[in-house]
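Engineer: Just passing along the structure, written as structure tokens.
The values are calculated or read from the model by the stated rules, or taken from the named source; none is laboratory data. All values derive from a computational prediction rather than experimental measurement. All Cβ positions, even for glycine, are placed from backbone atoms using ideal geometry, and neighbour counts span all protein chains on display. To get the accessible areas, we keep the full protein, side chains included, count just its heavy atoms, and leave off ligands, DNA and RNA. Shrake-Rupley method; radii C 1.70, N 1.55, O 1.52, S 1.80 Å.
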Amino acid sequence: LGDVYKRQASPRPLFGHGLVYAVTGHRETELWAIRPSGKGNVTDSHVVWRYAGKEVPKQPSPLLVDDLIYMVSNEGYAVCVDALSGERVWSERIGGNFMASPIYADGRIYVSSMQGETTVMKAGRTFEKLAENRLPSGCLASPIVTGKALILRTKTHLYRIEAP
């Protein structure tokens with residue numbers, strides 16, 4: 001995996017389906033699916049597939065849910081990729097700029113922008129925006145879920161949002 005680490009962006013890698021999913025690059029990022037066996041530089045022998053596109057992030061980490069990988073780029077493109085084949089399932093421009101990673105809870109994907117917009121999408125093979133909410137200050141940190149509450153840290157406040 002020598003080449004992957006030389007070209008590693010800041011998103012954290014994922015593991016699932018017997019594969020490591022890692023974002024590589026800096027200016028032009030790619031998502032690689034890699035078999036984690038072998039020794040030394042296994043770039044040519046163990047990379048199962050590569051996904052390149054404007055949707056691959058430089059900072060936000062990808063999210064693996066079942067057989068699908070969800071990503072949001074720094075520039076506001078959301079994409080869903082099949083984790084087994086690397087084929088794009090859907091791609092949409094959701095707007096905003098992103099540093100925070102998407103999270104998954106209760107069948108939904110949540111992603112918060114630097115402008116303070118949180119977009120809620122339905123997890124699945126079809127893009128469906130369920131909601132868009134705005135907080136007065138932008139989000140740089142990834143949200144978390146605890147129980148039925150969503151915790152969001154903006155540039156100025158900490159919010160706990162929970163349905164009654």
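Engineer: Please go through region 89-107 and pick out each residue that is of a type outside the set (S, T, N, Q) and assigned to a strand (DSSP E or B).
Structural biologist: Val89, Trp90, Glu92, Arg93, Ile103, Tyr104, Ala105
Engineer: Can you find a residue in region 96-116 that is more than 21 Å from Val81 (Cβ to Cβ), among the hydrophobic types (A, V, I, L, M, F, W, C) and either surrounded by fewer than 18 Cβ atoms within 10 Å (Cβ to Cβ) or out of contact with any Ser or Thr (no Cβ under 6 Å at 6 or more places or on another chain) (or both)?
Structural biologist: yes
Engineer: Return a yes/no flag: does region 88-104 have any residue that is without any contact (Cβ under 8 Å) to a residue 40 or more places away in the chain, within 18 Å of Asn133 (Cβ to Cβ) and acidic (Asp, Glu).
Structural biologist: So far as region 88-104 goes, yes, one or more of its residues are without any contact (Cβ under 8 Å) to a residue 40 or more places away in the chain, within 18 Å of Asn133 (Cβ to Cβ) and acidic (Asp, Glu).
Engineer: Being more than 19 Å from Arg93 (Cβ to Cβ), at pLDDT 90 or above and open to solvent by 80 Å² or more (accessible area, probe 1.4 Å) is the requirement here; does Thr126 meet it?
Structural biologist: Details: more than 19 Å from Arg93 (Cβ to Cβ): no; at pLDDT 90 or above: yes; open to solvent by 80 Å² or more (accessible area, probe 1.4 Å): yes.
Against the criterion (more than 19 Å from Arg93 (Cβ to Cβ), at pLDDT 90 or above and open to solvent by 80 Å² or more (accessible area, probe 1.4 Å)), Thr126 does not qualify.
Results for (1) in contact with a Phe, Trp or Tyr (Cβ under 8 Å, 6 or more places away or on another chain); (2) within 21 Å of Ser73 (Cα to Cα), shown as yes or no for each residue.
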{"residue": "Arg12", "(1), (2)": "no, yes"}
{"residue": "His17", "(1), (2)": "no, no"}
{"residue": "Tyr21", "(1), (2)": "yes, yes"}
{"residue": "Arg35", "(1), (2)": "no, no"}
{"residue": "Gly40", "(1), (2)": "no, no"}
{"residue": "Thr43", "(1), (2)": "no, no"}
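Engineer: Something else about it: At least 1 residues that are touching a Cys at 6+ places or on another chain (Cβ under 9 Å) in each: list the strands (runs of 3 or more DSSP E) lying fully within region 108-164 that qualify.
Structural biologist: The qualifying strands (runs of 3 or more DSSP E) are 108-112, 117-122, 149-153.
Engineer: Kindly check whether there is at least one residue in region 143-156 that is within 30 Å of His17 (Cβ to Cβ), touching a Ser or Thr at 6+ places or on another chain (Cβ under 8 Å) and free of Cβ contacts under 8 Å to residues at least 60 places away in the same chain.
Structural biologist: yes
Engineer: Right, another one. Is it true that Ser45 is under 18 Å from Tyr21 (Cβ atoms), in contact (Cβ under 8 Å) with a residue 60 or more places away in the chain and among the hydroxyl-bearing types (Ser, Thr, Tyr)?
Structural biologist: no
Engineer: In region 1-26, what residues are modelled with pLDDT of 95 or more, over 13 Å from Val47 (Cα atoms) and not aromatic (Phe, Trp, Tyr)?
Structural biologist: Leu14, Gly16, His17 - these are the residues of region 1-26 that are modelled with pLDDT of 95 or more, over 13 Å from Val47 (Cα atoms) and not aromatic (Phe, Trp, Tyr).
Engineer: State whether the residues of region 113-122 include one that is at pLDDT 95 or above and within 25 Å of Phe15 (Cβ to Cβ).
Structural biologist: Yes: one or more hits.
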